[in-house]
Amino acid sequence: MKPRHFIFLAAVLSASALAGCGKKEPPVSEAEVKAVFEKSLPSTVDDKVWERVPAHPAKLLLQDMVEPRLLQASTPFVRVQSVTDGRKVAFLLTWKDATLDDVPGPALFGDACAVQLPATTAADVPAPQMGEDGKTVEITYWSAIFQASVNGRKDDIHALYPRAAVDHYPFEAPSLKAGSPPQQEMAKRYAPARGAENPMAGPRTVPVQDLLADGPGTIRFAEKTVSSGSGKYSGGGWTVLLVRPLPNGAQPGGRTQVAFAVWEGSRQEVGARKMRTAWIPLSLGSAQ
Amino acid sequence: MANVHNWQIGREMNYPYEAAFPKRQFAFVFNINRCIACQSCTMACKSTWTFNKGQEHMWWANVETKPYGGYPQFWDMKTLELLEKANPGAQNWSGKPGADKKQPYGKFDGITVFEAQKMLTPDSARVLGYLPTDEEWNSPNIYEDNPVGKKGVRGELDKEGVELPEHKTWFFYLARICNHCSYPACLAACPRKAIYKRPEDGIVLIDQEQCRGYRKCVEACPYKKTMYRGNTRVSEKCIACYPRVEGKDPETGGQPMETRCMTACIGQIRMQGLVKMNRDGSWTEDRYNPLYYMIHVAKVALPLYPQFGTSPNGFYIPPRWVPRDYLRQMFGPGVDEAIERYTYPDRELLAVLQLFRRSNRIIFRYQIKEGPKVYEATLRGRKITLYNDTVIAYGQDGKEIFRTTIDEPLHVRPGKHANSI
């Protein structure tokens, strides 16, 4: 066996180990991501169905094509499993990460991952790095920071510094009833990103965002986020479930392409500074 | 990279975008000689823009004590060190300050934050910078004004520090806001083009709808005036109180008004205005605009760290008592001439210095009416003569805003009101 193959196998085995002790290891699909047909999609990362859905060990590459680039490799690969019910497609991403990074701070970055599909399924696929002009890609982005917020962590300074002392916020004055429209309005007025309805700013009900891009540096928010997801950190790694509609033109039984990205927060990976895959064939199972 | 002219460093330089200049530029002059670090500006800004959750560490306007302090800590030393590392021993100026408008302070032969190519990989491809840690943002002014002991001697103050009348120690207060640069490093670094410079007044803003909180701007800004807000996951910065500059504040009836930090300045160190720009980035000749006069005619006010290359639009009258080498590093080679002019001001400069903080409205033009001689003396061996001239300030609409004299009226409190307030 050539040394390169040995490393790849070690990576696959190591990914399998991440699935958790005692769990049945899923079969491996090396050539493609196989979206297995199920009547109903799994709703959690712990669903039993993941034990029999083939896992594709996706090798992650440096994003070193466009600025700002990442030139030091971090997360080496992500294990991908997929299920479809004919209308939606679910992806389960599992990767090793020694540090849990889910707190937002001036110099703190969150762990994150994303799934990218061509907006339109056609033989002529967009460029794998964020698509290209006239060939849009759809991206579903999950963030550990979003997840912590959805899980109930408050967006205040005490999440970062539990012993911080705050004298007074004017929008929390006793004269303003907590949660009342005037109080909410005042709090929003001084959070301009929230006022501008920037989806980064919340309030957050899902830990994911739907995005569109037509090339590097063009990422934009989809009109509405329709995808859902959840992420769980345990055993030195993340397991993240992302569920999104099948893209335009993708049919059960058909094929398209899919790509993935992982950001390691402790290495200040954000935006273009990420580990990513090339296009990987995605076969969509059908009821037949 | 485009090739653009930066008059502050007297040469062409690299910048990621083609040069594009606004019709008018937001600019200001701070007279450091007058600053007492009362922090009125700091609190005026804080209580207007950054008192919400997630902004606890944000001070868009701040005053720090130099040479010890900084917000975030060591911001300027860190960038200077990075540049020195990128271009060891060669961050120097050549030529001399002169009349050439394209290089009024001479020529900077070193490299700017946009030109440190060897240092730009792997982390930052467009601008040399660094991302301050949370701790560096968290304690503005800590230890800055505290008396300290000698290094290694505990429980005892440094006795030399209190010797009078000769001050062997020195310090000064540096008030800072965003410089709304002509070549903004924050804008250059943003991979999403979510930062823009307004064509009408040159104010640099982060699009709060588009920002995704990558913090490349925070890393790139050498003055560290873009800041990340954790609870909205995006970055924010000084907005130059643009509603006031636009004349939207009801107080001025539609006329442009200075920012909150300017108008709150009780030390009267600050003046902010809008200056006309030529298409090549030079300032349009506007002889009786007080900012134009102080910066381009009297040359008494100088840019902050011009060698960074961003062409900042904040200018400072340097403090007279500070070692010149330190000041030349901070304000460039124009320091000696500026201090000379400020120490022995001529009639016009003395009159213009009276314009600071007599009104909240932006002054677009001044006029001096000569008055009688009121004082004559010798200062450090030089003869000085004071005239009680009247200086009149005009607004954008050409109408008089106020007039004031060199010799301020003296009011004596009557005896019966002594000790009353």
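The values are calculated or read from the model by the stated rules, or taken from the named source; none is laboratory data. These numbers were taken from a predicted model, which means no experiment stands behind them. Every residue, glycine among them, receives a Cβ derived from its backbone with ideal geometry; neighbour counts consider all protein chains shown.
So, of the residues in the range B:17-47 that are within 14 Å of another protein chain (Cβ to nearest Cβ) and crowded, with 18+ Cβ neighbours inside 10 Å, which turns out to be nearest to B:D286 (Cα to Cα)?
By that ranking, first place goes to B:C45.
Please give the number of the condition A:R87 fails out of (1) surrounded by fewer than 24 Cβ atoms within 10 Å (Cβ to Cβ); (2) within 30 Å of B:K53 (Cα to Cα).
If we test A:R87 against (1) surrounded by fewer than 24 Cβ atoms within 10 Å (Cβ to Cβ); (2) within 30 Å of B:K53 (Cα to Cα), just (2) comes out false.
I'm checking my understanding of the structure. Among residues of the range A:40-67 that are free of Cβ contacts under 8 Å to residues at least 60 places away in the same chain and of a type in the set (A, V, I, L, M), which one is farthest from A:G86 (Cα to Cα)?
Here the answer is A:A55.
Can you find, within the range B:239-265, the residue that is surrounded by the fewest Cβ atoms within 10 Å (Cβ to Cβ) among those that are part of a loop (DSSP other than H, G, I, E, B), charged (D, E, K, R) and modelled with pLDDT of 95 or more?
Result: B:K248.
So, in the range A:103-120, of the ones that are in a strand (DSSP E or B) and of a type in the set (A, V, I, L, M, F, W, C), which residue ends up farthest from the other protein chains (Cβ to nearest Cβ)?
A:L117
When you check A:A287 against the structure, is it aliphatic (A, V, I, L, M), over 21 Å from A:G131 (Cβ atoms) and either over 16 Å from the mean Cα position of the chain (by Cα) or loosely packed, with under 15 Cβ neighbours inside 10 Å (or both), yes or no?
yes
If you take the residues of the range B:187-204 that are under 25 Å from B:N278 (Cβ atoms) and of a type in the set (G, A, S), which of them is farthest from the other protein chains (Cβ to nearest Cβ)?
Filtering the range B:187-204 for residues that are under 25 Å from B:N278 (Cβ atoms) and of a type in the set (G, A, S), the one farthest from the other protein chains (Cβ to nearest Cβ) comes out as B:G202.
If I filter the range B:270-289 for residues that are of a type in the set (S, T, Y), in a helix (DSSP H, G or I), surrounded by fewer than 23 Cβ atoms within 10 Å (Cβ to Cβ) and more than 14 Å from chain A (Cβ to nearest Cβ), do I get at least one hit?
Checking the range B:270-289: not a single residue is of a type in the set (S, T, Y), in a helix (DSSP H, G or I), surrounded by fewer than 23 Cβ atoms within 10 Å (Cβ to Cβ) and more than 14 Å from chain A (Cβ to nearest Cβ).
Restricting to the range A:79-102, and then to whatever is more than 14 Å from A:L242 (Cα to Cα) and aliphatic (A, V, I, L, M), can you tell me which residue is nearest to the other protein chains (Cβ to nearest Cβ)?
Restricting to residues being more than 14 Å from A:L242 (Cα to Cα) and aliphatic (A, V, I, L, M), the top hit is A:L100.
Out of the range B:128-145, which residues are of a type outside the set (S, T, N, Q), part of a loop (DSSP other than H, G, I, E, B) and at the interface with chain A (Cβ under 8 Å from one of its Cβ atoms)?
Passing the criteria: B:L131, B:P132.
Does the range A:197-217 include one or more residues that are within 9 Å of chain B (Cβ to nearest Cβ), surrounded by 17 or more Cβ atoms within 10 Å (Cβ to Cβ) and out of contact with any strand residue (DSSP E or B) (no Cβ under 8 Å at 6 or more places or on another chain)?
yes
Could you tell me whether A:A278 is of a type in the set (A, V, I, L, M, F, W, C), within 30 Å of B:A189 (Cα to Cα) and buried (at least 20 other Cβ atoms within 10 Å of the Cβ)?
no
From A:G202, A:G215, grab the single residue that is assigned to a loop (DSSP other than H, G, I, E, B) and more than 13 Å from A:S143 (Cβ to Cβ).
A:G215
Within the set of pairs 6 or more residues apart or between chains, which connect a residue that is under 22 Å from B:K373 (Cα atoms) inside the range B:337-357 to a residue that is assigned to a helix (DSSP H, G or I) and of a type in the set (F, W, Y) with Cβ atoms less than 9 Å apart?
Correct list of pairs: B:E348/B:Y293; B:L349/B:Y293; B:L349/B:Y342; B:V352/B:Y293; B:L353/B:Y342.
Do you know which of the residues in the range B:205-214 that are out of contact with any helix residue (DSSP H, G or I) (no Cβ under 8 Å at 6 or more places or on another chain) and more than 7 Å from every other protein chain (Cβ to nearest Cβ) is surrounded by the fewest Cβ atoms within 10 Å (Cβ to Cβ)?
B:D207
Condition check: more than 25 Å from the chain's Cα centre (by Cα) and part of a strand (DSSP E or B). Does B:R413 satisfy that?
no
Test B:I239 against the stated conditions and say whether it is touching a helix residue (DSSP H, G or I) at 6+ places or on another chain (Cβ under 8 Å), of a type in the set (V, I, T) and more than 29 Å from B:L128 (Cα to Cα).
No: the conditions fail for B:I239.
Looking only at the range B:355-409, count how many residues are surrounded by fewer than 17 Cβ atoms within 10 Å (Cβ to Cβ), assigned to a loop (DSSP other than H, G, I, E, B) and either modelled with pLDDT under 95 or among the β-branched types (V, I, T) (or both).
5
Outside any loop (DSSP other than H, G, I, E, B), within 14 Å of another protein chain (Cβ to nearest Cβ) and over 14 Å from the mean Cα position of the chain (by Cα): does that describe A:R194?
For A:R194, the condition - outside any loop (DSSP other than H, G, I, E, B), within 14 Å of another protein chain (Cβ to nearest Cβ) and over 14 Å from the mean Cα position of the chain (by Cα) - is met.
Give the range B:221-234 a look and list any residue that's touching a Leu at 6+ places or on another chain (Cβ under 8 Å) and either at the interface with chain A (Cβ under 7 Å from one of its Cβ atoms) or modelled with pLDDT under 95 (or both), or say none.
Within the range B:221-234, B:G230 is the sole residue that qualifies.
Restricting attention to the range A:165-191, which residues are under 31 Å from the mean Cα position of the chain (by Cα) and either aliphatic (A, V, I, L, M) or within 12 Å of chain B (Cβ to nearest Cβ) (or both)?
A:A187, A:K188, A:R189, A:Y190, A:A191
Might you check whether a residue that is closer than 30 Å to B:K216 by Cα and more than 14 Å from chain B (Cβ to nearest Cβ) occurs anywhere in the range A:31-46?
So far as the range A:31-46 goes, no, none of its residues is closer than 30 Å to B:K216 by Cα and more than 14 Å from chain B (Cβ to nearest Cβ).
So how many residues does the range B:57-90 have that are in contact (Cβ under 8 Å) with a residue 60 or more places away in the chain and closer than 21 Å to B:V322 by Cα?
14
Any idea how many residues of the range A:227-241 are in contact with a Pro (Cβ under 8 Å, 6 or more places away or on another chain) and over 18 Å from A:V103 (Cβ atoms)?
Matching residues across the range A:227-241 total 4.
I'd like to check something: does the range A:228-240 contain any residue that is within 14 Å of chain B (Cβ to nearest Cβ), closer than 30 Å to A:G86 by Cα and surrounded by fewer than 19 Cβ atoms within 10 Å (Cβ to Cβ)?
Within the range A:228-240 (the criterion being within 14 Å of chain B (Cβ to nearest Cβ), closer than 30 Å to A:G86 by Cα and surrounded by fewer than 19 Cβ atoms within 10 Å (Cβ to Cβ)), the answer is no, since none of the residues qualifies.
Tell me, which residue of the range B:157-182 that is exposed (fewer than 15 other Cβ atoms within 10 Å of the Cβ) and in contact with a helix residue (DSSP H, G or I) (Cβ under 6 Å, 6 or more places away or on another chain) is modelled with the highest pLDDT?
B:T169
For B:G152, all conditions in the list (1) at pLDDT below 95; (2) closer than 27 Å to A:G195 by Cα hold save one; what is the number of the exception?
Only one criterion is unmet by B:G152, namely (2).
From the list A:T94, A:T99, A:T44, pick out the single residue that is under 17 Å from A:Q147 (Cβ atoms) and under 14 Å from the mean Cα position of the chain (by Cα).
That would be A:T94, the only listed residue that is under 17 Å from A:Q147 (Cβ atoms) and under 14 Å from the mean Cα position of the chain (by Cα).
Looking at B:E236, B:E200, B:E219 in this structure, which one is in a loop (DSSP other than H, G, I, E, B) and touching a residue at least 60 places away in the same chain (Cβ under 8 Å)?
Just a single option satisfies the conditions, and that option is B:E200.
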